[in-house]
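The values are calculated or read from the model by the stated rules, or taken from the named source; none is laboratory data. Given the structure is predicted, the values throughout are model-derived calculations rather than measurements. Here Cβ is always computed from backbone atoms with ideal geometry, including for glycine, and neighbour counts include all displayed protein chains. Surface accessibility is based on the protein's heavy atoms, side chains included, excluding ligands, DNA and RNA. Shrake-Rupley method; radii C 1.70, N 1.55, O 1.52, S 1.80 Å.
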Amino acid sequence: PDGQLLVTGSDDGGLIVWDVNRRSPTLVHHVSSCHNGWVLAVRPLYDSRRLVTTGTDRKVHVWQLDQMHSPLHTFQTDGDATAVSTSAHRELKRSCIGTADGWMQVYAMDS
């Protein structure tokens, strides 16, 4: 949200964090196996220190930028739902995941 970092996800499950505040974009973090399959969505949370990723492995990961060696939290989506979008609200501290089969799941983002 502060415009200093760019986070990209790929079809091989990788996740890369770039610092775009420099003259030339600089690699900050690289997670080679963020998901077992495609990364479908990458969204920052309201605090600019955490982000949420969703993938075709039906998992939702919450990452903290200074601890990218493993996710802070992992949620499994229900049934055959594949998470396709995320958002978070500052006051509610919740993340809403929209799924390909029309369901919405809400996860608590409290510490």
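Data for the structure
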{"quantity": "Tensor-based shape of the stretch 11-80 (alpha-carbon gyration tensor, a/c under 1.5 rounded, otherwise prolate or oblate)", "calculated": "prolate"}
{"quantity": "FRET efficiency estimate (nearest 0.05) - Cβ-Cβ, residue 108 to residue 12, R0 30 angstrom", "calculated": "0.50"}
{"quantity": "Probe 1.4 Å, all protein chains present, accessible-area order of 69, 29, 61, largest first", "calculated": "69, 29, 61"}
{"quantity": "Total charge dipole magnitude, the stretch 23-63, about the Cα centre, Cβ charges on Lys, Arg, Asp, Glu only, Debye to nearest 20", "calculated": "80"}
{"quantity": "In nm, spacing of pseudo-spin labels at residue 30 and residue 76 (7 Å Cα→C-beta vector)", "calculated": "3.2"}
{"quantity": "Residue-wise HN-Hα coupling along the stretch 39-46, computed from phi with Karplus coefficients 6.51, -1.76, 1.60 (Hz; x: Gly, Pro)", "calculated": "8, 8, 8, 9, 9, x, 8, 4"}
